[in-house]
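The values are calculated or read from the model by the stated rules, or taken from the named source; none is laboratory data. If you're wondering where the values come from, they're calculated on a predicted model, not measured in any experiment. Neighbour counts are summed over all protein chains in view; Cβ atoms, including those assigned to glycine, are modelled from backbone coordinates with ideal geometry. Side chains are part of the model used for accessible areas, which takes the heavy atoms of the whole protein and leaves out ligands, DNA and RNA. Shrake-Rupley method; radii C 1.70, N 1.55, O 1.52, S 1.80 Å.
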Amino acid sequence: MFGRDVVTFVCRNSVALLDEESPELLGEAVRIVVPCAARVDALHVLRAVERGATMVIIGACPIGNCRSVTGPEEAEERLARAKALLDETGASARLHVVRAAANAPRDLEDALEKAMGDAPASDTEEAAR
Amino acid sequence: MIVADRKSLDDIVDMIGDADKVVVSACNACVTVCLAGGRREAGILASQLRIHAKEHGKDIEVREHSLARHCDAEFLSDLDEELEWADVMISMACGVGVNLASELHPKHRIVPGLNTTFYGATDAPGRWLEMCGGCGDCVLHKTGGICPIVRCAKSILNGPCGGSQDGKCEVDPETPCAWQEIIERLEAQGRGDDLIAVEPAKDWTTSFSGGRRRRVVEEIYEEDEEASA
């Protein structure tokens with residue numbers, strides 16, 4: 001179960017719709033509905049961490065299933081930049097992109113479980129890239 | 001436009017030292033377009049500084065600020081209040097802005113948040129290419145609008161050199177040979193024979209190595225002097 005220290009940016013075409021049906025998946029996490037996962041910028045992620053978020057999750061559509069065509073891929077790129085910027089500060093918030101279609105709650109559940117189990121992103125080699 | 005890169009956070013933290021009150025001032029002109037120093041990038045830096053301070057147990061206050069541009073004194077007067085408050089200002093403008101702000105506010109500490117790199121243009125979203133070296137003696141009319149000063153690694157005026165291979169530069173196989181491009185462009189314009197003429201040695205006295213350059217429009221400059229008299 002996520003607490004208020006988790007900030008989620010959720011695509012209105014996928015994860016936001018899933019959240020309406022199954023709000024227990026995101027628990028108490030802060031939800032910010034965005035028109036597309038690609039709308040999330042490194043600045044949004046940094047602001048969330050600055051205000052105390054220990055985990056930031058971008059909820060995107062599956063690759064190939066995005067109304068804006070490349071939203072999930074672009075969200076990954078923006079999050080990679082946010083990770084690099086965050087690494088410079090020495091902070092270690094966990095940053096993740098989870099992907100699930102609006103009709104696939106199980107995919108979201110699996111992705112969130114995986115995100116919760118991962119080490120802080122800034123401590124991984126992936127974050128350094 | 002002027003293109004710049006942001007300095008690393010470590011470099012910026014070193015520059016601000018033990019300042020408790022920091023203002024990050026964005027420039028909404030060229031460096032906004034190249035995603036280096038605009039309002040968003042200033043926000044990112046300010047946020048990084050706050051997170052860094054928190055991680056390192058420091059208590060600093062960081063304000064964000066932006067100006068239409070930092071290269072005109074009229075706009076820089078808006079900095080007065082922020083500079084009075086701050087121990088140090090990080091300018092997210094190009095070097096021109098840092099110079100001018102420091103000249104107009106000599107009692108205040110203003111440090112550069114960016115490394116100013118070149119005069120360039122947007123080649124594709126997220127990529128900018130150098131186009132002009134500001135040498136003060138333009139030869140673009142002879143080279144089909146392709147600057148041999150910055151687009152040729154050797155800045156030669158009678159190219160290509162022996163290092164041009166398959167249209168690429170020997171310095172970097174990803175970089176087109178500027179002289180190959182010049183030849184192709186002039187040939188396409190039916191001006192290939194223009195290249196037979198030997199270009200004499202360039203007069204570099206117009207470039208930056210002769211000290212600070214200035215441009216004066218006499219009648220306007222005199223009018224200003226009269227107005228201030």
Quiz prompt | Search result, residues across segment A:1-19 that are over 12 Å from the mean Cα position of the chain (by Cα) and more than 14 Å from A:A100 (Cα to Cα) | solution = A:M1, A:F2, A:G3, A:R4, A:D5
Quiz item: Out of all the residues in segment B:170-180, is one or more assigned to a strand (DSSP E or B) and out of contact with any Pro (no Cβ under 8 Å at 6 or more places or on another chain)?
Solution: yes
Quiz item: Do we have A:T8 as surrounded by 22 or more Cβ atoms within 10 Å (Cβ to Cβ) and either polar (S, T, N, Q) or farther than 30 Å from B:A36 by Cα (or both) here?
Solution: yes
Quiz item: Out of segment B:128-169, which residues are of a type in the set (S, T, N, Q) and touching a helix residue (DSSP H, G or I) at 6+ places or on another chain (Cβ under 7 Å)?
Solution: B:T143, B:S155, B:S164
Quiz item: Quick one: would you say B:P106 is modelled with pLDDT of 95 or more and exposed (fewer than 14 other Cβ atoms within 10 Å of the Cβ)?
Solution: yes
Quiz item: Hey, among the residues in segment A:52-64 that are more than 10 Å from every other protein chain (Cβ to nearest Cβ), free of Cβ contacts under 8 Å to residues at least 60 places away in the same chain and within 22 Å of B:I51 (Cβ to Cβ), which one's surrounded by the most Cβ atoms within 10 Å (Cβ to Cβ)?
Solution: A:I58
Quiz item: Could we say that B:K154 is over 24 Å from the mean Cα position of the chain (by Cα) and charged (D, E, K, R) here?
Solution: no
Quiz item: Any idea which of (1) open to solvent by less than 20 Å² (accessible area, probe 1.4 Å); (2) within 14 Å of chain B (Cβ to nearest Cβ); (3) touching a Gly at 6+ places or on another chain (Cβ under 7 Å) is the one A:V49 doesn't satisfy?
Solution: (3)
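Conditions tested, residue by residue: (1) within 14 Å of another protein chain (Cβ to nearest Cβ); (2) open to solvent by less than 50 Å² (accessible area, probe 1.4 Å); (3) of a type outside the set (D, E).
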| residue | (1), (2), (3) |
| --- | --- |
| B:D10 | yes, no, no |
| B:D14 | yes, no, no |
| B:C27 | no, yes, yes |
| B:C34 | no, yes, yes |
| B:E55 | yes, no, no |
| B:S66 | yes, yes, yes |
| B:R69 | no, no, yes |
| B:F75 | no, no, yes |
Exercise. Assess whether B:D80 counts as being more than 21 Å from the chain's Cα centre (by Cα), closer than 20 Å to A:V49 by Cβ and either within 14 Å of another protein chain (Cβ to nearest Cβ) or open to solvent by 40 Å² or more (accessible area, probe 1.4 Å) (or both).
Key: no
Quiz prompt | helices (runs of 4 or more DSSP H) wholly inside segment B:1-102 containing at least 1 residues that are in contact with a helix residue (DSSP H, G or I) (Cβ under 8 Å, 6 or more places away or on another chain) and closer than 26 Å to B:M131 by Cα | solution = B:30-33, B:39-55
Quiz item: If B:I156 satisfies every condition in (1) in contact (Cβ under 8 Å) with a residue 12 or more places away in the chain; (2) loosely packed, with under 10 Cβ neighbours inside 10 Å but one, which is the exception?
Solution: (2)
Exercise. With respect to B:C169, determine if the residue is over 30 Å from A:R81 (Cα atoms), in contact (Cβ under 8 Å) with a residue 60 or more places away in the chain and open to solvent by less than 50 Å² (accessible area, probe 1.4 Å).
Key: no
Practice problem: Check whether at least one residue in segment B:187-200 is part of a loop (DSSP other than H, G, I, E, B), more than 30 Å from B:L100 (Cβ to Cβ) and β-branched (V, I, T), and report yes or no. | Solution: yes
Practice problem: Considering every residue within segment B:194-211, establish whether at least one is within 20 Å of the chain's Cα centre (by Cα) and surrounded by fewer than 10 Cβ atoms within 10 Å (Cβ to Cβ). | Solution: yes
Quiz item: List, please: which pairs have Cβ atoms under 6 Å, are six or more places apart or on different chains, and start with a residue in segment A:65-93 that is within 14 Å of chain B (Cβ to nearest Cβ) and open to solvent by 20 Å² or more (accessible area, probe 1.4 Å) and end with one that is part of a loop (DSSP other than H, G, I, E, B) and modelled with pLDDT under 95?
Solution: A:S92/A:P120
